[in-house]
Amino acid sequence: MNDPILQLSREQAKKLSELGDRLHQFRQSQRLSLEQVAEQTMIPVRILSAIETGNVAQLPEPVYVQGFIRRFADAIGLDGADFANAFPTETHLEPSKTSWRGTVQAQLRPLHLYLLYMVLVMGAVSGLSYLLNRTTPQMVGLTGGPQSSQSSLTRGSNPSNLPVNRAQMGPFLPANQTVQPNPSPVAPQKPVRVGLMLTAQSWIRVVVDGKPEFEGVLPEGTQRTWMADKEVTLRAGNAGGVMVSFNDGMAKPLGEAGAVEEVTFDLKAQASLSLNSEDDASDSSPLTASNSNAF
């Protein structure tokens with residue numbers, strides 16, 4: 001297969017066919033053979049024949065073909081310059097219009113669709129398997145057999161913590177017995193517990209066992225609780241808007257409105273709580289750093 005750069009364009013091939021036919025007719029009128037012209041021009045006979053017949057497959061680059069035409073025409077008595085100038089040397093290659101179906105993208109497209117289909121199927125299967133794995137243990141707990149179901153229901157247990165419908169339980173549950181769900185686990189209580197309820201917006205800083213736990217502005221209506229093993233230090237920018245309760249005791253304001261107060265709640269305050277419990281019932285004075293033992 002010839003290099004496309006060396007091939008003649010359609011325009012050049014058409015022009016070569018016209019010029020070659022004129023050279024052929026004029027040569028025969030002069031009774032000259034191709035061998036005679038070849039001896040005079042030093043051009044091989046096959047090249048001269050290819051020029052006359054317009055056989056582009058046997059010809060070199062256009063610039064050489066133009067030179068051969070000039071020498072051919074001069075040898076048989078024609079104006080070689082006019083013939084040579086009539087043959088264009090610039091090659092205008094016309095890119096072939098390749099069908100989209102023959103491109104690599106078109107060939108790969110079915111493979112891409114197949115891979116996408118496989119990914120979607122695998123994703124659907126994985127999701128269904130995950131849902132089944134999560135649902136099966138609960139169903140086994142509820143339908144583990146007549147004997148296990150009856151014994152667990154008669155004892156009043158509800159292992160799945162699901163709401164019990166007596167109409168659905170049927171004969172497995174006696175009429176005079178109710179099923180109570182298991183209580184939810186309770187977070188372990190620590191010795192020091194401080195609860196806040198804001199009646200007005202205030203800046204708050206909380207340090208639990210020596211480590212800062214919170215610092216920022218809390219809006220009105222916020223309720224928060226902090227627990228510690230040793231102590232909780234509370235500092236407020238608007239002490240009058242912060243109601244504080246210590247170890248589930250009665251809530252009291254941390255201080256005066258607009259005042260900055262800081263109070264530390266620890267095990268010592270817990271010891272004084274039992275001694276001052278009677279006073280707390282009637283004392284609603286604001287809590288300050290000097291009277292934190294009021295809790």
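Bear in mind these aren't lab numbers, they're just calculated from the coordinates by the rules spelled out. Bear in mind that the values here come from a model prediction, so they are computed numbers and not experimental data. In this analysis, Cβ positions are derived from the backbone assuming ideal geometry, glycine residues included, and neighbour counts consider all displayed protein chains.
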Cα-based reach from Lys14 at 25 Å (exclusive), listing lysines while leaving out same-chain residues under 8 positions away: Lys97
Using a Förster distance of 35 Å, the FRET efficiency for Glu213-Ser129 (Cβ separation, nearest 0.05): 0.25
Nearby lysines by direct alpha-carbon distance to Lys230 (threshold 28 angstrom, same-chain neighbours under 8 apart not counted): Lys190, Lys211, Lys252, Lys268
Order of Val192, Val207 - criterion: other Cβ atoms within 10 Å of each residue's Cβ, fewest first: Val207, Val192
Spin-label pair Ser17/Ala257, simplified geometry with 7 Å Cα→Cβ offset, distance in nm: 10.7 nm
Contour minus Cα-Cα distance for Thr53 and Lys230 (0.36 nm per residue): 52.7 nm
Cut-off under 5 Å, modelled amide H: who pairs with Val192 long-range: Ala228
Volume per residue that the Cα convex hull of segment 4-86 spans, once the total is divided by residue count, Å³: 74 Å³
Cβ-Cβ FRET estimate between Ala200 and Tyr117, R0 fixed at 51 Å, reported to 0.05: 0.25
Long-range HN-HN contacts of Phe214 with modeled amide H, under 5 Å: Val206
Computed lengthening from Glu90 to Glu39, 0.36 nm per intervening residue step minus Cα-Cα distance: 15.4 nm
